[in-house]
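Each remark here refers to the structure printed beneath this line.
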Amino acid sequence: MINKKLMAAAMLATFAAGTQADILGATAGAYQWKQSWEGDVQSGPDAIDMNDDLGYDDETGTSIYIALEHPIPVLPNIRLQRTDLDISERNNLSRSFTFEGDVYTAADTVDSTTDLTHTDATFYYEVLDNWVNLDVGLTVRMFDGEVRLATTGREGSIELDAPVPMLYGNARFNLPLTGLYAQAVGNVISFGDNSVTDMAVGLGYEVAIVSLEVGYRNFDVSLEDDDEEASVTVDGIYFGVNIDI
């Protein structure tokens, strides 16, 4: 009798654990991204080159995310991601230009910051779930940044803090029985003269619930509003670790 009760309890516990696993799944990850910056910004008559005028080169940023999935078909899954994307530099100008109504002259020492840090809230559906995994959905990207220039007695900035809706896709191809996989993640939007494209491709190796990944990410933004414009490309190699619970 006791053995039967123990067996029944064990079967019940196993069933409960399996049911709980089917109810909610979670994936989390963290990446280090080696960023190369280029492009130009404008607030006035002159386009300011990030490399030649501001002295931008390379920077390192981080990105972290968590994704939650459930078995309710009509409700989307959710993925939250935060990406640090900013660079600061001090440079001696070799030419004069106007920014936010102030004239910056040749030989001025200018401190500048370009911050495109953003938080993504992605709502997606899992279309395929076998050796090919495919998620599609919508991302709302909230920028929390600015472009700022400052020198003695002068300072100007462009605020970048608007939410941007983007189409989202995530495809993963698992090589059976090896733990190896290839993955591509993209967020894109284009409207008029404005566009944002954020693409990442990577290769990974998964053991149990942990995977290591290396890849390339390209972020390209082109924004125009009255006399303010920004055309910026940030790209480079990333290294990351993921945990699938």
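Couple of notes before you dig in:
- The distance between label points at A30 and S94 comes to 4.0 nm (points 7 Å beyond Cα on the Cα→Cβ vector).
- Tensor-based shape of the range 18-162 (alpha-carbon gyration tensor, a/c under 1.5 rounded, otherwise prolate or oblate): prolate
- Each Lys and Arg adds +1 at its Cβ and each Asp and Glu adds -1 at its Cβ; summed about the Cα centre, the chain shows a dipole of about 2120 debye.
- Among [x] 17.0; [y] 23.2; [z] 18.3, the entry derived from the coordinates for mean projected area of the Cα convex hull in nm²: [x]
- Electrostatic tally near R154: other residues with Cβ closer than 13 Å to its Cβ, Lys and Arg +1, Asp and Glu -1, net -4.
- Accessible area (Å², per residue) of the chain, counting only protein heavy atoms and a probe of 1.4 Å: 55 Å²
- Computed [θ] at 222 nm, helices only, for the chain once each DSSP H run of length n ≥ 4 contributes -39500 (n - 2.57): -3000 deg cm²/dmol
- Local electrostatic count, F123, Cβ distance below 15 Å [Lys/Arg +1, Asp/Glu -1]: -2
- Taking Cα centre as origin and charging only the Cβ of basic (Lys, Arg, +1) and acidic (Asp, Glu, -1) residues, the dipole magnitude of the range 103-245 rounds to 720 debye.
- Evaluating kT/(6 pi eta Rh) at 10 °C and 1.306 mPa s, with the Kirkwood radius of the range 127-245 over Cα pairs in the Stokes-Einstein relation, gives 95 µm² s⁻¹.
- ³J(HN,Hα) computed for each position of the range 122-137 - Karplus, 6.51 cos²θ - 1.76 cosθ + 1.60, integer Hz, glycine/proline x: 10, 10, 9, 10, 8, 7, 10, 8, 8, 6, 10, 10, 9, 10, 9, x
- Anisotropy class of the range 29-81 from Cα gyration tensor, a/c 1.5 cut: oblate
- Listed residues G55, G25, G215, most fluctuating in the chain (Gaussian network, C-alpha, under 10 Å): G25
- Rounded to 10°, Cα long-axis angle of helix 2-23 versus longest principal axis of the chain: 30 degrees
- Carbon plus sulfur fraction of accessible area for the range 128-199, probe 1.4 Å, in percent: 64 percent
- At an R0 of 30 angstrom, the distance between the Cβ atoms of N133 and N194 translates into a FRET efficiency of 0.45.
- Residues H118, H70, ordered by accessible area of protein heavy atoms at a 1.4 angstrom probe radius and largest first, appear as H70, H118.
- Positive dipole terminus of the chain, leading residue within N130, H118, G186 (C-beta point charges): N130
- Of the Cα atoms belonging to the range 188-238, the radius of gyration and Dmax stand at 15.9, 53 Å.
- For the range 38-92, carbon and sulfur atoms together expose 50% of the accessible surface, with a 1.4 angstrom probe and every protein chain in place.
The values are calculated or read from the model by the stated rules, or taken from the named source; none is laboratory data. Note that the structure is predicted; figures quoted are calculated from it, not measured. Note that each Cβ is placed from the backbone with ideal geometry, even for glycine, and that neighbours are counted across all protein chains shown. Ligands, DNA and RNA are stripped out before the accessible areas are found, and what is left, the full protein with its side chains, is counted by its heavy atoms. Shrake-Rupley method; radii C 1.70, N 1.55, O 1.52, S 1.80 Å.
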